[in-house]
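So the structure is just underneath, and the comments pick up after that.
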Amino acid sequence: MTDISYNEWNSMSDKKLAMHIGAFIKHHRMEQNKTQEVLAKAAGISRSTLSLLERGETVTLATLIQVLRVLDKLFVMDVFSVQKDISPLMLARMAKNKRKRASGKGNVTKNQNDW
């Protein structure tokens, strides 16, 4: 849709953000040539609830997820992924504990006659 920087998102009101999400939903619904009635039925919500969502009115998070699923747009959830970062100190500790050389013992098969 549009490229908006973090600072612009941060300065937008909640209502304006909801309207932007609604415009996203409407755009992709229209792009897929689906009526509100068809999309709402597939998502298991009423047409009026979908209309509220598209206008930027208050709807539940579950409703938004259902609509995104039907529109095949759940990829937007990728921005909510949490990646565990390893601190430099922990990385150094892991490197310190890493084996430096093989001992040559311990991994010998019991039946060496098979060779």
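Please treat every number below as a calculation from the coordinates, not as lab data. Model, not experiment: these values are computed from the prediction. Here Cβ is always computed from backbone atoms with ideal geometry, including for glycine, and neighbour counts include all displayed protein chains.
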Looking only at the stretch 54-84, and only at residues there that are surrounded by 13 or more Cβ atoms within 10 Å (Cβ to Cβ) and among the polar types (S, T, N, Q), the one that is nearest to Asp14 (Cα to Cα): Thr63
Residue match in the stretch 89-103 (condition: assigned to a helix (DSSP H, G or I) and surrounded by 14 or more Cβ atoms within 10 Å (Cβ to Cβ)): no
Answer residue from the stretch 17-53, given it is surrounded by 13 or more Cβ atoms within 10 Å (Cβ to Cβ) and charged (D, E, K, R) and is farthest from Leu71 (Cα to Cα) among those: Arg47
